[in-house]
Structure formats: structure tokens, C-alpha cells
Amino acid sequence: MARMKFLCDAERCIECNACVTACKNEHEVPWGVNRRRVVTINDGKPGERSISVACMHCSDAPCMAVCPVDCFYQSAEGVVLHNKDLCIGCGYCFYACPFGAPQFPQVGNFGSRGKMDKCTFCAGGPEEANSDTEFKKYGRNRLAEGKLPLCAEMCATKALLAGDGDQVANIYRERVVGRGFGSGAWGWGKAYPGSGS
Amino acid sequence: MNMRTIRFFSLAILLGLLAGCQERESENPFLKEKGVYSGKPDETLNDDTREQLRRRMNIQRGGSI
């Protein structure tokens, strides 16, 4: 199996924000933290496009490179995950991430940052799969249940694709060939250099 | 309070503080190699689950262009 990848087809995204809601609900993400969000460019103007953005699980992840405590690791499927027991909430990963994926919950009354939280590709964390501890720290582990990320699986227009990188690329290629144009698979060049975008 | 009592209590406080510095008192590793993840290893998916994920991917193909 190739590595796991996300792709948002900007030609199909209708900015319904269902992916954002599904993610928050599935993982019981706390207030102030959004693992996924929808970004709209040229809002209200000709050429308006919306893109659903979260951690892209980059092949050469900048967050991993800058983390001073090395709390990141990549799973066998290429999913970039982190260990909240090691995270010190320094925020370096947030500055390094080109997608603004890392999020920090406010833990005190004076704006102090808590442990980093980000999209896990619904793959949980280093705790025992589908355990209570894993759910509380990282959210649900759908991959261990044989399910793909909920944001993509419930996308009404199938704009958001998630899964085996080769299969994702094939689906998108078929679409581009069918309609005669593409929107450039936003973010792919940055997240997966060398895979073609 | 004489000098001897003060010294005794100072030593007791110092020992108490040093006891808190022991590695087993902290969840985080003290010695680490740069660029190497030193946390708990994650479980890997088995082949059946991978196959299930591959099949499930086709559901996302759905719809027309």
C-alpha cells in the first residue's frame, strides 16, 4: 500500500463545512481547536474556490524537522502523528507548517498553550488502538477499524479524498480527464514533492 | 533556633528538592538523540485492515465528473 494522502478537489468543494463539523464531532475536539477548516479564496467574486485544509501528512514533514523534543513520528502508512506525552507546546511546528495545521488549546487564564493537537488522519496516536486513553488524547482511531477519515468519507460532493495516495491520484486523474481541466490538486506539490501535482 | 537546627532543616529541604529531580519522577526522557522519536511505538495495521481500507477507498470515487 502506498502512503496515505489527502486531496481536496477545489472544483467540487461547495464550502458546506460538513468536513469540519464531522471531524469535531467524531473526535470530540475541544472548543478553540479546529483540526480541519474550509478556506475560500476570491469570496463572492468570479473564480471563487474553496479548499478544505488540515494536516496533509507531508512526506518530508517540516513539523517533524523542527520539533525540539522529537514528539513526531510517521506511521507505516505515512501518517504524521505525534505523542502528546512528549509535546511541550512550544509552537515551533505551527510556525513551520505550510498549512497551519497544528492547533493549541488554551489551558490557562493567561493564554498559556497546551499540548499541540492536529489532524491524525483518524489514526489515533501511540496509545493502544481504540482505547479510552487514545480517544481522549487523539480522538477516534478509524484506520484501525478499517475505515478512512470521516471528513472524506462523508463529503457530499466527494471533493475531499483521503486514502492510498495512488488511488487518490487515479480518482483525481479520471476526473480531470473527464471534465477536461483540473484545479491543480492544491497543496500536493508542497506536501508530497515529487509525486506530481 | 540555633545554627545546628537551621543547618539540619536546610539540608532536609535540599534533599527533598533533589529527590524531585530523579528521572523516574518525570514522564519525559532526560537523555535523547536528536531527530529520533523516543516515545511509545505505535501499533501497525494488519494486512486485512489495509485491504479493507483499499476497498473502502473506491466508495469515494462516486458520482459523475
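Key figures for this structure:
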| item | result |
| --- | --- |
| Per-region count, the range B:34-54, residues among the acidic types (Asp, Glu), more than 7 Å from chain A (Cβ to nearest Cβ) and assigned to a loop (DSSP other than H, G, I, E, B) | 0 |
| A:Ala76 vs. criteria assigned to a loop (DSSP other than H, G, I, E, B) and surrounded by 22 or more Cβ atoms within 10 Å (Cβ to Cβ) | no |
| Residue within the range A:79-93 that is surrounded by fewer than 22 Cβ atoms within 10 Å (Cβ to Cβ), assigned to a loop (DSSP other than H, G, I, E, B) and of a type in the set (Phe, Trp, Tyr) present | no |
| Subset of the range A:52-73 that is closer than 21 Å to A:Ala162 by Cα and touching a Gly at 6+ places or on another chain (Cβ under 8 Å) - its residue that is surrounded by the fewest Cβ atoms within 10 Å (Cβ to Cβ) | A:Ser59 |
| Selection count, the range A:123-139, where residues are away from chain B (no Cβ under 11 Å) and either surrounded by 21 or more Cβ atoms within 10 Å (Cβ to Cβ) or touching a strand residue (DSSP E or B) at 6+ places or on another chain (Cβ under 7 Å) (or both) | 1 |
| Single residue of B:Asn58, B:Asn2, B:Asn46 found to be surrounded by 10 or more Cβ atoms within 10 Å (Cβ to Cβ), modelled with pLDDT under 90 and out of contact with any strand residue (DSSP E or B) (no Cβ under 7 Å at 6 or more places or on another chain) | B:Asn58 |
| Positions within the range A:114-132 being outside any loop (DSSP other than H, G, I, E, B) and under 21 Å from the mean Cα position of the chain (by Cα), in sequence order | A:Asp117, A:Ala123 |
| Hey, A:Gly163 free of Cβ contacts under 8 Å to residues at least 60 places away in the same chain, crowded, with 22+ Cβ neighbours inside 10 Å and either facing another protein chain (nearest Cβ under 8 Å) or hydrophobic (A, V, I, L, M, F, W, C) (or both) or not | no |
| Some residue of the range A:106-113 being modelled with pLDDT under 95 and within 18 Å of the chain's Cα centre (by Cα) | no |
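The values are calculated or read from the model by the stated rules, or taken from the named source; none is laboratory data. Only a predicted model underlies this, so the values are computations on that prediction, with no experimental measurement involved. FYI the Cβ positions are ideal-geometry reconstructions off the backbone, even for glycines, and counts take in every protein chain you see.
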